[in-house]
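Every number here is computed from the coordinates shown, using simple stated rules; none is lab data. This structure is a prediction, so every number in the text was calculated from the model and none was measured. Here the Cβ positions follow ideal geometry from the backbone for every residue, glycine too, while neighbour counts run over all protein chains shown.
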Amino acid sequence: QVQLVESGGGLVQAGGSLRLSCAASGSTSTFNAIRWYHQAPGKQREWVAVITSSGSTNYADSVKGRFTISSDNAKNTVYLQINSLKSEDTAVYYCAALQGGRIYWGQGTQVTVSS
C-alpha cells in the first residue's frame, strides 16, 4: 500500500515562498509519475505540476515560472517550491503518485496566503 504524506504548508504573506514536501512510503523512482494538485475553497481540485520517473517536469500555465517540482529519490520525497505567493494560491495542496494504473493520494497540506 502506497502512502503519501504532505508537509510544509502554513500561513505566509503574499510575495513569500514555501517548499512543500511529499514523502512516499516506497521508492519514488518506482512511480510512473508524481503530481501536485491544489484545491481552493469552493473549487475543484486542479493539477499544478508533475514529475515523471525519468525526471521530466511539466506545469499548469497558471503556475509556470513560480512553481518548481523536484524529486530526491534517496529520501523518497518530492518537493514543490512555490515562490512569489499570491492570495489565489491559498488552497489545500495534495500530491498523488501514479503506479500500475492506479493513483494514490496524500491527505493534503494547507497553504494560506495573507495579503
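Overview of values
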| read-out | value |
| --- | --- |
| Complete set of residues in the stretch 91-107 that are surrounded by 18 or more Cβ atoms within 10 Å (Cβ to Cβ) and not aromatic (Phe, Trp, Tyr) | Ala91, Val92, Cys95, Ala96, Ala97, Gly106 |
| Flag for Ala60 being under 19 Å from Gly16 (Cβ atoms), touching an Asp or Glu at 6+ places or on another chain (Cβ under 9 Å) and not charged (D, E, K, R) | no |
| Restricting the stretch 10-56 to residues that are exposed (fewer than 14 other Cβ atoms within 10 Å of the Cβ) and among the polar types (S, T, N, Q), the residue that is farthest from Trp105 (Cα to Cα) | Gln13 |
